[in-house]
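See structure below.
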Amino acid sequence: MAHRHSGILAAAALALPLVLFPAFSHAQDDRSLRGRISQLFIFGSGEDPLFLAGTADPNNPAALRAHGTHFVPSAVSANGSLIGFITGAIATSVGNLPIGATSGGSTFRFEAGVPVETSTSAGPIFAERAQTLGRGRSMVGIGRNSFHFSSLRGVPLNDVELIFTHENVTGATFPGCDSISAGDCKKMGIPNLENDIMQFRLNLDLNISVTNLYATYGLTDRLDVGIVVPLVSSHLHGQSFAQIIPFGGPTAAHFFAGTASNPVLSASRDVDGDAFGLGDVAVRSKLNIHESDRSRVALLGEARFATGASDDLLGAGVFSARGVAVISGVIDNFSPHANVGYAFHARTSELPRNDAVIATAGFDDLIAPHVTLAADLVSELQVGRSNLHLPGPVTYDAPFHRVIQPTSIPDQRDDIVNGSFGGKYQLPNGFTFVANVLVPLNRGGVRPNTIYMTSLEFNF
């Protein structure tokens, strides 16, 4: 009877993604969480980020109204790149949420129809071991991850500084510019109003909770198949503050409200949003290709499907897959392991994720009856230069030479290196309780200070 139910479980695990995938397709709108982040760059009337409604007031002279669009992304591509980097970095990181190991608890193989235990400990938590569950055996579980994103490449998310610069007006966009300005308008800083800048401070508070429902079934002694179905809850609170810094002159040409002689040079915006739904469903398979008393080797394949709404920060929005070689050793109750592989991430213009090399090493140790200690160094090392590009510095030629850095965020790779430390306690009747903490060890990407995980597994 157990084998019959386990077979049904395996079939359901393979069929569930085919049912779910077509139903979860979302178009971005202003009500989505990514739309809410974009709203932090919009002040006053209008739908364009960095649009100056005060300058563009219909009551103003046409020559003044023209200055209302001099900071918008369509006029200054670097400003658009800066906004796109912020939203893209957050969406990319949310779509790379960690999930636990495929096989926990006791593992077996059958010899002459008799189950023989192949592991002493309950196994690692975020790494993989080479042992498979054993033919006809199953594991089901429910896990909970919760974390608060706190930094972007090491810069606190509650204090991100950006500087938006003015369009470089030329004779093509402003006929007669050279003669009116008495200079070469191709140079940044001519006319003089090009020296105005917009200082911008961003405060983002993003909390994510993930409930993972997962199951693994041993098709044979050497082959496991499994599925992970995440339910994701996202909460966003954001604040922005913008300040126009005029370069000089008795009146202003760039302002959020008021008049040229009595301008309002600052503006702020607050947004809030929540979302809950299905995350990116993962289907996994592990094949044991070598087994001895002291060592084991397996190959793991995993596919994550774009079932989560990326606009609501519930998933990546694109397909991803990874292939991993798993090596495990056995020294009494101590089991070292290493994982090496490659992660493929499909990409779009809005989510330009990089592929990554996977490298994980650690151990699990049965330190007392029913108690396993697990520790790992878990990493994804980016392949190539980051596809999330920051705009370069802006050089002014007039009235004197100077260089402005557009942000305090460093231009660096988004390698992910975490330390994982936790334990498993094997309860009666096939249950296992798992608790773990994942701590960032570097500054790449959008990161939380810690990720806490608890789960309850059942082996049968």
Do any residues in the range 382-403 that are assigned to a strand (DSSP E or B) have Cβ atoms under 9 Å from those of residues that are of a type in the set (Phe, Trp, Tyr), where the two are at least six apart or on different chains, and which pairs are they? 402/396; 403/396
Looking only at residues that are in contact with a Leu (Cβ under 7 Å, 6 or more places away or on another chain) and in a loop (DSSP other than H, G, I, E, B) in the range 266-304, which one is surrounded by the most Cβ atoms within 10 Å (Cβ to Cβ)? 279
So which of 355, 332, 311 is charged (D, E, K, R) and more than 30 Å from residue 84 (Cα to Cα)? 332
Please work out if residue 150 is modelled with pLDDT of 90 or more, of a type in the set (Gly, Ala, Ser), farther than 30 Å from residue 219 by Cα and not in a loop (DSSP other than H, G, I, E, B). yes
Do you know which residues across the range 404-441 are in a strand (DSSP E or B) and hydrophobic (A, V, I, L, M, F, W, C)? 404, 416, 417, 421, 431, 433, 434, 435, 437, 438, 439
Just checking, how many residues over the range 239-254 are over 26 Å from residue 35 (Cα atoms), open to solvent by less than 70 Å² (accessible area, probe 1.4 Å) and out of contact with any helix residue (DSSP H, G or I) (no Cβ under 6 Å at 6 or more places or on another chain)? 5
In the range 366-381, how many residues are open to solvent by 40 Å² or more (accessible area, probe 1.4 Å) and under 23 Å from residue 441 (Cβ atoms)? 4
Restricting the range 388-445 to residues that are of a type in the set (Asp, Glu) and within 20 Å of the chain's Cα centre (by Cα), the residue that is farthest from residue 375 (Cα to Cα): 411
Sort out which residues of the range 35-94 are under 22 Å from the mean Cα position of the chain (by Cα), within 24 Å of residue 168 (Cβ to Cβ) and not polar (S, T, N, Q), and write them in order of number. 41, 80, 82, 83, 84, 85, 86
Which is out of contact with any helix residue (DSSP H, G or I) (no Cβ under 7 Å at 6 or more places or on another chain) and of a type in the set (Gly, Ala, Ser), of 445, 430? 430
Within the range 75-94, take every residue that is among the aliphatic types (A, V, I, L, M) and in contact with an Asp or Glu (Cβ under 9 Å, 6 or more places away or on another chain) and give me the one that is surrounded by the fewest Cβ atoms within 10 Å (Cβ to Cβ). 75
Is it true that residue 257 is touching a Pro at 6+ places or on another chain (Cβ under 9 Å), crowded, with 22+ Cβ neighbours inside 10 Å and on the phi < 0 side of the Ramachandran plot? no
For the range 162-205, the count of residues that are of a type in the set (S, T, N, Q), over 18 Å from residue 248 (Cα atoms) and modelled with pLDDT of 90 or more equals 1
Got a number for residues in the range 159-186 being over 30 Å from residue 85 (Cα atoms) and either in a strand (DSSP E or B) or hydroxyl-bearing (Ser, Thr, Tyr) (or both)? 2
Residue check: is residue 327 over 23 Å from the mean Cα position of the chain (by Cα), at pLDDT below 90 and open to solvent by 60 Å² or more (accessible area, probe 1.4 Å)? no
Residue hits (the range 187-211; open to solvent by less than 10 Å² (accessible area, probe 1.4 Å), farther than 20 Å from residue 408 by Cβ, not aliphatic (A, V, I, L, M) and not in a loop (DSSP other than H, G, I, E, B)) are 194, 195
When you check residue 444 against the structure, is it within 30 Å of residue 388 (Cα to Cα) and part of a loop (DSSP other than H, G, I, E, B), yes or no? yes
In the list 157, 133, which residue meets the criterion of being at pLDDT 90 or above and in contact with an Asp or Glu (Cβ under 9 Å, 6 or more places away or on another chain)? 157
Kindly indicate whether residue 264 is within 24 Å of residue 330 (Cα to Cα), β-branched (Val, Ile, Thr) and touching a Phe, Trp or Tyr at 6+ places or on another chain (Cβ under 8 Å). no
Would you say residue 114 is at negative phi, hydrophobic (A, V, I, L, M, F, W, C) and modelled with pLDDT of 80 or more? no
Going by the structure shown, is residue 307 surrounded by fewer than 16 Cβ atoms within 10 Å (Cβ to Cβ) and among the hydroxyl-bearing types (Ser, Thr, Tyr)? no
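The values are calculated or read from the model by the stated rules, or taken from the named source; none is laboratory data. On a predicted model such as this, the values are computed, not experimentally measured, just so you know. For neighbour counting, all protein chains shown are included, and Cβ atoms are generated from backbone atoms with ideal geometry for every residue, glycine included. All accessible areas refer to the heavy atoms of the entire protein, side chains included, with ligands and DNA or RNA removed. Shrake-Rupley method; radii C 1.70, N 1.55, O 1.52, S 1.80 Å.
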